[in-house]
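Below: the structure, in structure tokens.
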Amino acid sequence: MFKKSLLLASICTSLALPAIASDLSYTYIGVSYETGEVADLDFDGFGIQGSVALNDSFFLLGDYTSLGSDDEFDIGFGSDDIDAEQLVLGVGFHTPVSNIVDFVAILAYAEAEVKTRGLKEDGNGYLVSAGVRSKPTDKLEFAAFINYSDIENESETGYALGARYFVLPPASLGLGYESADDVDVFVFDIRFDF
């Protein structure tokens, strides 16, 4: 059976930085490529993210990611590679701190499924994230968040840093880094605001 920490670490990579800043649309869709280390195994994969503004302060968000590893994972009677699927659904709140900085808080439900050698393990729980976003120019946006997750009665705290360049509105390119006890992941994405 897989360790719960692998599920926890896998889900931690799902809490992508939300698309909110003082003068941005809170409604978007994006696709991402993620690569890094989760629970001492190299993973990479793709995801799709979206957000819908409810009003001037609240938004809904969703994220689906499919990750895979070519590293062999030994479960006691043989080894095989690992595949993981993750789903995060949540609600967020934001408020301006200044004319270029927003404070952001997110509460989300998360679930993951990890498979290897025909075996699978599911896990679910919640994620909480709080931080700031800043858009100092029309072309650049920066973000810094503290993330907390509690999955299957195991918790983990980490952080996420991000930068975004607006190529040509509504399209932007993003680069992010997320870290926690068992997670170090780089995220590259393209996003379209509506």
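The values are calculated or read from the model by the stated rules, or taken from the named source; none is laboratory data. Model, not experiment: these values are computed from the prediction. So basically every Cβ, Gly included, is an ideal-geometry build from the backbone, and we count neighbours across all protein chains shown.
Before moving on, here are some points about what is shown:
- Comparison of ASP102, ASP122 shows that the only residue that is touching a strand residue (DSSP E or B) at 6+ places or on another chain (Cβ under 9 Å), acidic (Asp, Glu) and within 20 Å of GLY174 (Cα to Cα) is ASP102.
- TYR177 closer than 27 Å to GLY125 by Cα and modelled with pLDDT of 95 or more: yes
- Hey, GLU85 touching a strand residue (DSSP E or B) at 6+ places or on another chain (Cβ under 9 Å), part of a strand (DSSP E or B), at pLDDT below 90 and of a type in the set (D, E, K, R) or not: no
- For the stretch 145-179, residues that are surrounded by 22 or more Cβ atoms within 10 Å (Cβ to Cβ) and hydrophobic (A, V, I, L, M, F, W, C) total 3.
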